[in-house]
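Let me begin by presenting the structure, written as structure tokens, before commenting on it.
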Amino acid sequence: MKFSIIFARDIKLGGFGIINNKLPWNIKEDLQYFKNITSQNKNSVLIMGRNTYESMGLLKNRISIVVTKSRINEGNILTANSLDTALKIAFNLNPNIFVIGGSRLLHEAFDHPALETIYETQIKLKSNPSYTTFFIDEIPSRFKNINETSLITDDFELKWVRYNTTQYSAE
């Protein structure tokens with residue numbers, strides 16, 4: 001079984017989050033991209049850390065698994081104490097699995113042998129937010145860029161990049 005990663009970051013600074021676990025940008029085009037990718041298949045599985053969950057909550061038509069050491073007694077939240085345990089649960093629920101953050105979980109997922117696809121939004125903002133969370137890992141060398149699309153506005157530049165591992169064929 002394979003899984004994907006989807007994330008956005010400030011490509012210049014590696015910024016990934018700010019105080020209170022909120023995104024440092026509110027870019028509707030990127031939020032729509034995230035929704036389109038993670039909702040392609042009903043009940044796709046999203047694996048996230050606790051802070052990411054607390055900043056996003058439950059997302060419609062997707063199953064959430066939170067990697068945390070403590071219980072979450074809210075709604076239909078599944079929990080796991082590690083990425084590997086979360087993946088085992090996810091593989092039994094739906095083949096469309098996305099790790100969405102935070103930075104520690106993404107770092108661990110980058111090195112996982114079952115990682116097949118990376119969806120990265122590279123953001124260049126005209127402003128300079130005060131980041132408190134960073135994700136500066138390089139895309140692993142076993143991945144190649146297979147598709148990218150750009151959007152430039154007065155306030156930001158976006159580049160949506162899809163990478164696939166060279167170990168598997170691209171879909």
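The values are calculated or read from the model by the stated rules, or taken from the named source; none is laboratory data. It should be emphasised that the depicted structure is a prediction, and the values quoted were computed from it without experimental measurement. Virtual Cβ from ideal backbone geometry, glycine too; neighbours counted across all protein chains shown. What goes into the accessible areas is simple: the full protein's heavy atoms, side chains included, and nothing from ligands, DNA or RNA. Shrake-Rupley method; radii C 1.70, N 1.55, O 1.52, S 1.80 Å.
Find the relative contact order for the chain and round it to a whole percent, using C-alpha pairs within less than 8 Å whose residues are 6+ positions apart. Numbers along the way, then the final one.
On the way: 311 pairs, mean separation 51.3, N = 171.
Across the chain, relative contact order equals 30 percent.
Just grab the label-to-label distance for I72 and S55, each label 7 Å out from Cα along the Cβ direction, in nm (one decimal).
Going by the 7 Å Cα→Cβ label model, 1.4 nm.
Which of the lysines could a cross-linker bridge to K69, judged by Cα under 23 Å and excluding same-chain residues fewer than eight apart?
Partners found: K22, K88.
Take L87, L13, L78 and sort them by solvent-accessible surface of the protein heavy atoms, 1.4 Å probe, largest at the top.
Numbers: L87 5, L13 85, L78 65 Å².
Listed by decreasing accessible area, they come as L13, L78, L87.
Please work out the Kirkwood hydrodynamic radius for segment 100-171, using every pair of different C-alpha atoms, and report it in angstroms with one decimal place.
13.8
Comparing E29, E54, E116, which has the greatest mean-square fluctuation in the GNM of the chain with Cα pairs linked when under 10 Å apart?
Comparing E29, E54, E116 in a Gaussian network model of the chain, the most mobile one is E29.
Report the accessible area of I63, computed with a 1.4 Å probe over the heavy atoms of all protein chains in place, in Å² rounded to the nearest 10.
I63 has an accessible surface of roughly 40 Å² with all protein chains in place.
If packing is taken as the average number of other Cβ atoms within 10 Å across a peptide's residues, how do 68-75, 143-150, 31-38 rank, most packed first?
31-38, 143-150, 68-75
Can you give me the accessible area per residue for the chain, using a 1.4 Å probe, in Å²? Working shown, then result.
Numbers: 9300 Å² over 171 residues.
Per residue, the chain has 54 Å² of solvent-accessible surface.
Please compute the contact order of segment 76-167 in relative form: average sequence separation of alpha-carbon pairs under 8 Å and at least six residues apart, divided by the residue count, as a percent.
28
Work out the length of the dipole vector of segment 9-145 about its Cα centre, built from +1 on the beta-carbon of each Lys and Arg and -1 on the beta-carbon of each Asp and Glu, and round it to the nearest 20 debye.
On the way: 17 positive and 12 negative charges, 63 e Å.
Computed about the Cα centre, the dipole is about 300 debye.
Assign one of three labels to segment 11-85, namely rounded, prolate or oblate, based on the Cα gyration tensor with a ≥ b ≥ c the square roots of its eigenvalues; rounded applies when a/c is under 1.5, prolate when it is not and a/b is larger than b/c, and oblate otherwise. The partial results should precede the final answer.
On the way: a/c = 1.91, a/b = 1.24, b/c = 1.54.
Taking the square roots of the gyration eigenvalues as a ≥ b ≥ c, segment 11-85 is oblate.
Can you give me the % of accessible surface on segment 1-124 that is carbon or sulfur? Probe 1.4 Å, all protein chains present, nothing else counted.
Carbon and sulfur atoms account for 49 percent of the accessible area of segment 1-124.
What are the radius of gyration and Dmax of the chain, computed over its Cα atoms and given in Å?
When restricted to the Cα atoms of the chain, Rg and Dmax are 15.4, 44 Å.
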